[in-house]
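Visitor: The structure that follows is given in the form of structure tokens.
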Amino acid sequence: MEFLEKLSLAGLVPVIAINDADDAVPLCKALAEGGLPVAEITFRTAAAEESIRRVHEALPNVLLCAGTVLTTEQVDRAVNAGAAAIVSPGLSPDVVAYCVEKGIPVCPGTANPSDVQIAIQHGLKAVKLFPAEAVGGLNLIKSMAPVYPDMKFMPTGGINEKNMLDYLAFDKILCCGGSWMCPKDAIAAKDWDRITAQTRSAVDKMLGFELRHIGINTENAEESMNVANKIAALMNLPVKEGNSSNFAGVGFEVMKKMGRGTNGHIAIGTNSVPRAKWHLEQRGFKFIEDSAVVKNGKLTAIYLEGEIGGFAFHLVQK
């Protein structure tokens, strides 16, 4: 899987400036425990290179970017330390050309169409928008997207838990970068638990898990309708008959034959099935790949392996 695709599935990229290299590993471990094994360690401080080296050695599964890279010399230092990708606040043709020549993933900063066109001339498919909110934010991206249909954007600067869903809902957004998950005072206090909690909150909001419906297995169509009618009478819900199941309201699907799961299935809605799948895989869950439902080239539903309490679980796109 290409690095930029992994960033897209992660959805959020914590941007961190580390003043003490001793903080790098516990900080990135806190991010990973909160659900984001990804970090952009910026070259704003003298500790950046050593921080990248330590995280790369101690936490090899962390998706590690070097940020605020301004020169080709910094590219070499970052990559030699273990960074898998380069991110910069602006577009330096020299830096981009150097990375492209060496096969290093690079996401340069852009602020207008001219920058994007230069990136395209270098063969890039993704760019950073920085400082995103200050230069026009989502409206700017939506204005540029029709002109550059193959370009993806990583907005950074002014992104937070309040506006990130607006960005992530647009299909031209690769991911969002931000520092709100690891505030400076928390790093200074070495409050890793706070960083884990804020990261977990951001991931939970991004994925947006919610119960969509409960599927109940029955032996046949007659039993299915009887069960649906009983649930409908209990909760004063309408009954809708379907080909393979009957619904009582929208929350209860009663199967006309025994389906997945000993007792049935539970559907969990999410803002992005691909992202949710990736994040759950990081937590150790596995999926039944041949159960995947793809519409218009996008994964919209898939079952997890195994059962929980006699029920199969599947993700479904909201």
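Visitor: Could you please tell me which pairs satisfy a Cβ distance under 8 Å, a separation of 6+ or placement on different chains, a first residue in the stretch 300-318 that is in contact (Cβ under 8 Å) with a residue 40 or more places away in the chain and under 18 Å from residue 273 (Cα atoms), and a second residue that is of a type in the set (Lys, Arg) and loosely packed, with under 15 Cβ neighbours inside 10 Å?
Guide: 317/298
Visitor: Now for a different question. Can you pull out the residues in the stretch 1-44 that are of a type in the set (S, T, N, Q) and crowded, with 17+ Cβ neighbours inside 10 Å? Reasoning before the result, please.
Guide: Filtering the stretch 1-44 for residues of a type in the set (S, T, N, Q) gives 8, 19, 42.
If the condition is that a residue be of a type in the set (S, T, N, Q) and crowded, with 17+ Cβ neighbours inside 10 Å, then 8, 42 are the ones that fit.
Visitor: Moving on. Failed condition for residue 277, given (1) surrounded by 14 or more Cβ atoms within 10 Å (Cβ to Cβ); (2) part of a strand (DSSP E or B); (3) of a type in the set (D, E, K, R); (4) within 20 Å of the chain's Cα centre (by Cα), with all others met?
Guide: Failing condition for residue 277: (2).
Visitor: Hey, can you tell me all the residues within the stretch 98-109 that are surrounded by 21 or more Cβ atoms within 10 Å (Cβ to Cβ) and either within 13 Å of residue 172 (Cβ to Cβ) or out of contact with any helix residue (DSSP H, G or I) (no Cβ under 7 Å at 6 or more places or on another chain) (or both)?
Guide: Of everything in the stretch 98-109, those that are surrounded by 21 or more Cβ atoms within 10 Å (Cβ to Cβ) and either within 13 Å of residue 172 (Cβ to Cβ) or out of contact with any helix residue (DSSP H, G or I) (no Cβ under 7 Å at 6 or more places or on another chain) (or both) turn out to be 107, 109.
Visitor: Further question: Name every residue in the stretch 259-292 that is at positive phi and without any contact (Cβ under 8 Å) to a residue 24 or more places away in the chain, in order of residue number.
Guide: Narrowing the stretch 259-292 to residues at positive phi: 261, 264, 284.
Correct list: 284 only.
Visitor: On to the next question. From the residues in the stretch 286-303 that are more than 25 Å from residue 171 (Cβ to Cβ) and in contact with a strand residue (DSSP E or B) (Cβ under 9 Å, 6 or more places away or on another chain), which one is surrounded by the fewest Cβ atoms within 10 Å (Cβ to Cβ)? Show your work before the answer.
Guide: Of the residues in the stretch 286-303, the ones more than 25 Å from residue 171 (Cβ to Cβ) are 286, 288, 290.
In the following step, the residues that additionally are in contact with a strand residue (DSSP E or B) (Cβ under 9 Å, 6 or more places away or on another chain) were identified as 286, 288.
Working: 286: 10, 288: 14.
Once the filter is applied, the top-ranked residue is 286.
Visitor: Any idea which of 218, 199 is in a loop (DSSP other than H, G, I, E, B), more than 30 Å from residue 121 (Cβ to Cβ) and touching a residue at least 24 places away in the same chain (Cβ under 8 Å)? Before you say what the answer is, go through the steps one by one.
Guide: Values: 199 fails: in a loop (DSSP other than H, G, I, E, B).
That would be 218, the only listed residue that is in a loop (DSSP other than H, G, I, E, B), more than 30 Å from residue 121 (Cβ to Cβ) and touching a residue at least 24 places away in the same chain (Cβ under 8 Å).
Visitor: Looking at (1) surrounded by fewer than 20 Cβ atoms within 10 Å (Cβ to Cβ); (2) in contact with a strand residue (DSSP E or B) (Cβ under 9 Å, 6 or more places away or on another chain); (3) over 17 Å from residue 39 (Cβ atoms), which is the one condition that is false for residue 179?
Guide: If we test residue 179 against (1) surrounded by fewer than 20 Cβ atoms within 10 Å (Cβ to Cβ); (2) in contact with a strand residue (DSSP E or B) (Cβ under 9 Å, 6 or more places away or on another chain); (3) over 17 Å from residue 39 (Cβ atoms), just (3) comes out false.
Visitor: Please work out which one of (1) touching a Phe, Trp or Tyr at 6+ places or on another chain (Cβ under 8 Å); (2) over 27 Å from residue 169 (Cβ atoms); (3) among the acidic types (Asp, Glu) is the condition residue 253 fails and give its number.
Guide: (2)
Visitor: Quick check on this structure: which one of 161, 219 is under 30 Å from residue 310 (Cβ atoms) and not polar (S, T, N, Q)?
Guide: Just a single option satisfies the conditions, and that option is 219.
Visitor: State which residue pairs qualify: first residue of a type in the set (Val, Ile, Thr) and inside the stretch 156-171, second residue assigned to a helix (DSSP H, G or I) in any location, beta carbons under 9 Å apart, and separation of 6 or more residues or different chains.
Guide: 156/132; 159/132; 159/133; 159/137; 159/167
Every number in this text was worked out from the coordinates using simple rules, so none of it is lab data. Please read these numbers as outputs of a predicted model, since none were measured by experiment. Heads up, the Cβs are rebuilt from the backbone with ideal geometry, glycines too, and the neighbour counts pull from every protein chain shown.
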